[in-house]
Amino acid sequence: MNPETYVQEKAAASGSSFYYAFLFLPANRRAAITAFYAFCREVDDVVDDVQDPGVAAQKLAWWQQEVAQAFAGKPTHPVMLALMPHTQPFQIEQRHLQAVIEGCQMDLDQTRYLDYPGLQRYCHLVAGVVGEVAARIFGQTDEATTAYAHKLGQAFQLTNIIRDVGEDALRGRIYLPISDLQQFDVKAHEITKREYSDRFTALMRFQAQRAHQLYEEAFALLPAQDRRTQKPGLMMASIYRTLLREIEAENFQVLHQRIGLTPLRKLWLAWKMQALGRM
């Protein structure tokens, strides 16, 4: 299997909302974002799939070395072999990839966050930096678009956190800030035991409002001249925000299930943004 086929299969197999936005890109940009997304999946899967934290730490250390070697002209992994030809044309730097790895390392070292600023640091590494690289690949022309991309990436990550509360708790991680749990009098053990309550619903409604605010702030930061080039990001925003509204409509029943959108609905939302410019 050649590197391009490997990253294509890695991206498609994830079933992510990101994949549907890639379909509408020109071939060179689609190849670049597919390779980059496959890289993100590889390092994220280390944390999610490897049970032994020590082994996971070793694997992430290996990825740090592989990225450094790749930028020194010696890539070995299929993902890096596929990605490296796109790094110069789209200004993808080693610091971007190392930041994503650093964010994944946080999952090994930290399972709780004291407050929202602490969580924002994590979101910046695993999602904000990803948004920055994606914006470059999509065709960013205005430097101000970077701030939009970071904000939108954080909105995506908070949406993921809301969707995955129950699933993450089973892995021993609660991303919702401790200060927020205290504010709404929700105990960690209630989340791990999948106990719903009016207090939990109020907590989640607060998180959803915070995510909606991030989306609005991101859209306000997008320069008009880059709105066309950044359509793939806006497609993802349409899909993710629709998911968030679906979770709200289900009254935040996220502890015992993973609420999602069908592939057909994701494709429809992506096409609607591409063709009509509407979310």
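The values are calculated or read from the model by the stated rules, or taken from the named source; none is laboratory data. Note that the coordinates shown come from a computational prediction; the quantities given were computed from them, not determined experimentally. Please note: Cβ atoms are built from the backbone with ideal geometry, for glycine as well, and neighbour counts cover all protein chains shown. When the accessible area is computed, the model is the full protein with side chains, heavy atoms only, and any ligands, DNA or RNA have been set aside. Shrake-Rupley method; radii C 1.70, N 1.55, O 1.52, S 1.80 Å.
In this entry, Met236 is excluded by the filter for residues that are among the hydrophobic types (A, V, I, L, M, F, W, C), at pLDDT 95 or above, surrounded by 21 or more Cβ atoms within 10 Å (Cβ to Cβ) and in a helix (DSSP H, G or I). Taking the stretch 121-164 as the range and being closer than 25 Å to Arg245 by Cα, crowded, with 24+ Cβ neighbours inside 10 Å and more than 14 Å from the chain's Cα centre (by Cα) as the test, only Tyr148 passes. Residue by residue through the stretch 115-141, note down the ones that are at pLDDT 95 or above and of a type in the set (Lys, Arg). Across the stretch 115-141, the qualifying residue is only Arg136.
Note on the stretch 75-109: residues that are without any contact (Cβ under 8 Å) to a residue 24 or more places away in the chain, open to solvent by 40 Å² or more (accessible area, probe 1.4 Å) and within 20 Å of Asp48 (Cβ to Cβ) amount to 2. Report, ordered by the first and then the second residue, all pairs with beta carbons closer than 8 Å, sequence separation of six or more or different chains, a first member in the stretch 223-249 that is among the aromatic types (Phe, Trp, Tyr), and a second member that is assigned to a helix (DSSP H, G or I) and open to solvent by less than 20 Å² (accessible area, probe 1.4 Å). From residues that are among the aromatic types (Phe, Trp, Tyr), the pairs are Tyr240/Ser17; Tyr240/Ala155; Tyr240/Phe156; Tyr240/Thr159.
Each residue in the stretch 3-35 was checked for being in contact (Cβ under 8 Å) with a residue 24 or more places away in the chain, of a type outside the set (D, E, K, R) and more than 27 Å from Arg163 (Cα to Cα), and 6 pass. Scoring Leu214 on the criteria (1) within 30 Å of Leu23 (Cα to Cα); (2) over 18 Å from the mean Cα position of the chain (by Cα) leaves a single failure, condition (2).
Could you tell me whether Ala275 is aliphatic (A, V, I, L, M), loosely packed, with under 15 Cβ neighbours inside 10 Å and either under 21 Å from the mean Cα position of the chain (by Cα) or under 25 Å from Gly172 (Cβ atoms) (or both)? Walk me through how you get there before you give the answer.
Numbers: aliphatic (A, V, I, L, M): yes; loosely packed, with under 15 Cβ neighbours inside 10 Å: yes; either under 21 Å from the mean Cα position of the chain (by Cα) or under 25 Å from Gly172 (Cβ atoms) (or both): no.
Against the criterion (aliphatic (A, V, I, L, M), loosely packed, with under 15 Cβ neighbours inside 10 Å and either under 21 Å from the mean Cα position of the chain (by Cα) or under 25 Å from Gly172 (Cβ atoms) (or both)), Ala275 does not qualify.
As a summary of the residue check, Gly118 satisfies the conditions (1) in a helix (DSSP H, G or I); (2) within 23 Å of Arg29 (Cα to Cα); (3) not aliphatic (A, V, I, L, M) except for the one numbered (2). Restricting attention to the stretch 34-74, the residues that are open to solvent by less than 10 Å² (accessible area, probe 1.4 Å), farther than 15 Å from Ala99 by Cα and out of contact with any Cys (no Cβ under 9 Å at 6 or more places or on another chain) add up to 4. Within the stretch 1-60, the set of residues being among the charged types (D, E, K, R) and either under 20 Å from the mean Cα position of the chain (by Cα) or closer than 19 Å to Met80 by Cα (or both) comprises Glu4, Glu9, Lys10, Arg29, Arg30, Arg41, Glu42, Asp44, Asp45, Asp48, Asp49, Lys59.
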